[in-house]
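A quick write-up on the structure given underneath.
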Amino acid sequence: MSIDRLLTTVLRLYQDVHDEARTEQIFSTTTTLLANLSNPLNVSLLTSQLLAAPAIWTRGDGMRACYRIISIYNTAAMHVRKHELEHAKPKIPPVSGGGLRTDAWAAAVIGGADDLSSRWQHLLVLSGILMGLESGNRKSLSSGMRRTLELTVVTAANLAARGGEPVTAPTPAGPVMMALNYAFPLLSEASRAALDCDALIPVAIKAVFAAAGLQDGLFLGAINLDVRQTGKQFMWSESSPSFLHLRLLEQKPLVSGLGPLSKLLGYAIEHARDANAVLRAQDDLVTFTAKLLQHWQTNKLSELEISEEEVFLTPETMQTTWTVLWQQLKKIMYGVVAILQSVVARSLLDPRLRNDITAPVVAAKSLAVLRNLYFISSRNGSDAFQVYAFTYFTSLDNLSRYPAASASFLREIRSPNPGTIPPHPLHRTLDLFYLNVAEHLPLHLPPEACDTLIVQPAITYLAHEAGAPLSPRMVELFEAAHSAVLSALSCPQNGPLAAELAPFYAETLFGSFPIYISPRQFRIAFKTVMQILSPPFPVAASHPHLAEALLEMVRFRAQPGASSSAPLPPPPGAEQSQTQEVVMSEQSTLVMTLIDALPFLNLAIFEEWMMLTALALNSIDGDPAMRDAARRRFWEVLVIGEMDVERAAIGVAWWGTKGGREAVLYGTGGRDGRAMMSGAINQQDRATRVL
């Protein structure tokens, strides 16, 4: 059939709705015609009629039809360029082709985007030919024609985003953002600057999170209907409707292209002229993530902790559906955080967002978004990427400058049942986020707020039943609670609170070590407490003997027989070289804790406690390597600058003239009580000279 007859046939087929097979034939024939027509007027006519064809737009194919339009023009553009290159080789007979040069063909297609169709349909066509001619560094168009095409793409996108066209149906957000998402990487900086970002932001938000995109997270709630219990395990089959729906969701252009789309939306947020458009976008992020969290909470699979999944999920579920679900959720999290990062970055530069009224609101809402996503980001270190860290810590820094806003935010996200550990794993995950946030906020909070909003929620997790096993999540909560308490106690305004809480906290540390916290964690925590109770902190003046009382508690427990001298197992995740270098027992850790506290002691008791610590050092039982490690640590405290000038001077005098050297190296028994020739050098003397 000749090209002219084929064109007539296709134009006639455009006027009626057909079945699936005939519609596919129409698409295929249209691609052939676009690539082979030699008359630019026919190219314009075909484009104009295609964009108004009932055969395409009244079938209800939605985004699928839009994607096919982009694909048609992308493919046709590549064929036109291929034909042009073949005609440029005179020695090689050209393969069949229309003979139009790429510039003329692109101009003809642009001419077909007329008033018979909508601007968003024009954008589909224009993005398709821009991709086909310029992607992959093809550089098929002349510089003038490329600028014209880019300007036409931007104009169509702006008009489609603004709406207000004289058409019966409103502009669909999905096709606009899908087409612009493909074209955006190919636009020059000058063309991008012409985008109406104020109008694009709401369209992009709707496209990403509404029906054309992530559907407000409804797929999470649908999973619950297909979860079946088989014995003591749960099964979510890969043939279930909810999983098939998830697979279809992954194939949607706006979902599969969520990464580039989030960059496009981030660009719009950073360059929008209207700050209110940015604030509305952030509100939409809060709304979407809240719905996502709510849908996950209604899912019975949210009742499982990570450590329980292999026990309570069938192998089929673990290997297929469960893995796919979390891959999709992490993809959503990455996209949302990338968009949120643009909001936070803008809030640092825009005077309309960084003022004292708006800044705390923006920071609190950003943290609310991260809280809603925390059931995803807290899983297997999924939050360990730079964009998340910037968004999280910048929001914390901004919020911490406003005491009232900080207290209000903590009250808003605090557990509804304070004083009790929630039984639901998801609620414990949210408590972990709460404690991690609370750790950064006490500096500007009044003591009453610190006690109510930080210390008391943390004590809930510290006052657990001794000896009770802890899941990995509970270990994280336990460590976060310790960090939150230490953060609150270290604030200068919380001196009375520190004096009241220090004995209880010390007992908690003793009860937790070595079962729940490692030697390193115990030493850091106790060292921090001693620093809080020592000069120049105000507690040292109001309660001068409290620090020494806590040291006595440590020294009493470090005595032989009061604590175990057996080597402790290495902490999880420790490198083999580290575990071989330092072997610690419960007793040696307590002695190391005494040594760590020396630089903070009051001058009146400093020399006395150096001697007591030296004697405790030589009472370490078990492996001699643990005593040697304690001696090296004692020497480090004396010589590497951990002490101030006054304490260092006292330490040097004590070491050289007041028996400190002998006490550290030999203890109360002199040189191990062994008879030696005068001037003899034993092994410990050699070790000392090496030091």
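The values are calculated or read from the model by the stated rules, or taken from the named source; none is laboratory data. Every value quoted in this text rests on a predicted model; they were computed, and no experiment measured them. All Cβ positions, even for glycine, are placed from backbone atoms using ideal geometry, and neighbour counts span all protein chains on display. With ligands, DNA and RNA removed, areas are computed over all heavy atoms of the protein, side chains included. Shrake-Rupley method; radii C 1.70, N 1.55, O 1.52, S 1.80 Å.
Before moving on, here are some points about what is shown:
- Too-long pairs where the Cα-Cα distance tops 20 Å, listed order kept, from Lys206/Lys300; Lys206/Lys331; Lys139/Lys252; Lys263/Lys291; Lys232/Lys331; Lys206/Lys252: Lys206/Lys300; Lys139/Lys252; Lys263/Lys291; Lys232/Lys331
- Shape box of the stretch 198-271 [Cα atoms, principal axes, largest first, Å]: 56, 18, 17
- Cα pair distances exceeding 13 angstrom across the stretch 100-160, given as percent: 58 percent
- Percentage relative contact order, the stretch 483-623, counting C-alpha pairs under 8 Å, at least six apart: 26 percent
- In terms of packing, defined here as the mean over residues of other Cβ atoms within 10 angstrom, the peptides 299-306, 451-458 line up highest first as 451-458, 299-306.
- Residue ranges 382-388, 399-405 sort as 399-405, 382-388 when ordered by packing (mean number of other C-beta atoms within 10 Å per residue, highest first).
- If the segment from Leu116 to Asp356 were pulled out straight at 0.36 nm per residue, it would be longer than the present Cα-Cα gap by 81.3 nm.
- Of the GluC sites (Glu not before Pro) found in the stretch 160-257, the ones in coil according to DSSP and having at most 15 other Cβ atoms within 10 Å of their Cβ are Glu238.
- Stretch gain in nm, segment Thr8-Ser143, where the contour uses 0.36 nm per residue and the Cα spacing is subtracted: 45.1 nm
- Taking the charge dipole of the stretch 413-480 about its Cα centre, with +1 at Lys and Arg Cβ atoms and -1 at Asp and Glu Cβ atoms, the residue from Leu430, Ile459, Pro446 reaching farthest to the positive side is Leu430.
- Shape parameters for the stretch 355-476, alpha-carbon atoms, Rg then Dmax in Å: 14.7, 50
- Options Thr31, Ile269, Pro535, ranked by Cα towards positive dipole end of the chain, top entry (Cβ charges): Thr31
- Rounded to 10°, Cα long-axis angle of helix 472-489 versus longest principal axis of the chain: 70 degrees
- Note: relative contact order over the chain, using C-alpha pairs below 8 Å and six or more positions apart, is 6 percent.
- Here the stretch 450-537 is assigned +1 on the Cβ of each Lys and Arg and -1 on the Cβ of each Asp and Glu. Its dipole about the Cα centre then comes out at about 300 debye.
- Under 5 Å, built H, 5+ apart or other chain: amide partners of Ser585: Leu568
- Selection from Pro40, Ser118, Ile413, by position along the positive dipole direction of the chain (Cβ): Pro40
- Once the convex hull of all Cα atoms in the stretch 495-554 is built, its volume per residue stands at 66 Å³.
- Per-residue Karplus couplings for the stretch 69-78, computed as 6.51 cos²θ - 1.76 cosθ + 1.60 with θ equal to phi - 60°, are listed in order as 4, 4, 5, 4, 6, 5, 5, 4, 4, 5 Hz, Gly and Pro entered as x.
- A cut-off under 10 angstrom between Cβ atoms defines the neighbours of Met333, and their net charge, with Lys, Arg +1 and Asp, Glu -1, is +2.
- With a Förster radius of 25 Å applied to the C-beta separation of Leu225 and Val324, the computed FRET efficiency comes to 0.90.
- Stretchable slack from Ser471 to Ala194, in nm (0.36 nm times residue separation minus alpha-carbon distance): 94.3 nm
- In order along the stretch 221-229, the Karplus-derived 3J(HN,Hα) couplings, from 6.51 cos²θ - 1.76 cosθ + 1.60 at θ = phi - 60°, round to x, 5, 4, 4, 6, 9, 7, 10, 9 Hz, and Gly and Pro are given as x.
- Virtual spin-label span in nm between Ser135 and Ser239, 7 Å along Cα→Cβ: 3.7 nm
- Efficiency of FRET from Cβ geometry, Phe504 and Val652, R₀ 35 Å, rounded to 0.05: 0.40
- Sites Ala389 and His545 - FRET efficiency at Förster radius 41 Å, r taken between beta-carbons, to 0.05: 0.45
- The trypsin sites (Lys or Arg not before Pro) of the stretch 114-146 that DSSP puts in a loop, and whose beta carbon has at most 13 other beta carbons within 10 Å, are Lys139.
- Taken about its Cα centre, the chain carries a charge dipole of roughly 1820 debye when the Cβ of each Lys and Arg holds +1 and the Cβ of each Asp and Glu holds -1.
- Think of a 1.4 Å ball rolled over the protein heavy atoms: the chain then has 45 Å² of accessible area per residue.
- Directionally averaged projected area (convex hull, Cα atoms, the chain), nm²: 42.8 nm²
- Trypsin sites (Lys or Arg not before Pro) restricted to DSSP loop in the stretch 213-252 with at most 12 other C-beta within 10 Å: Lys232
- Estimated vicinal HN-Hα couplings, Hz - the stretch 366-378 in sequence order (Karplus 6.51, -1.76, 1.60; Gly, Pro = x): 5, 5, 5, 4, 5, 5, 5, 8, 5, 5, 9, 5, 7
- Relative contact order %, the stretch 289-405, counting alpha carbon pairs below 8 Å whose residues are six or more apart: 32 percent
- Under 11 Å, Cβ to Cβ, from Asp596 - net charge with Lys/Arg +1 and Asp/Glu -1: +2
- Principal-axis tilt of helix 586-597 within the chain, Cα atoms, nearest 10 degrees: 90 degrees
- Sorted from longest to shortest, the spans of the Cα atoms of the stretch 1-154 along the three principal axes equal 45, 38, 25 Å.
- Folded to 0 to 90 degrees: helix 3-13 orientation relative to the chain principal axis, Cα: 70 degrees
- Protein accessible area in the chain, 1.4 Å probe - carbon and sulfur %: 56 percent
- Separation in nanometres of the label points that stand 7 Å from Cα toward Cβ, at Arg64 and Arg273: 4.1 nm
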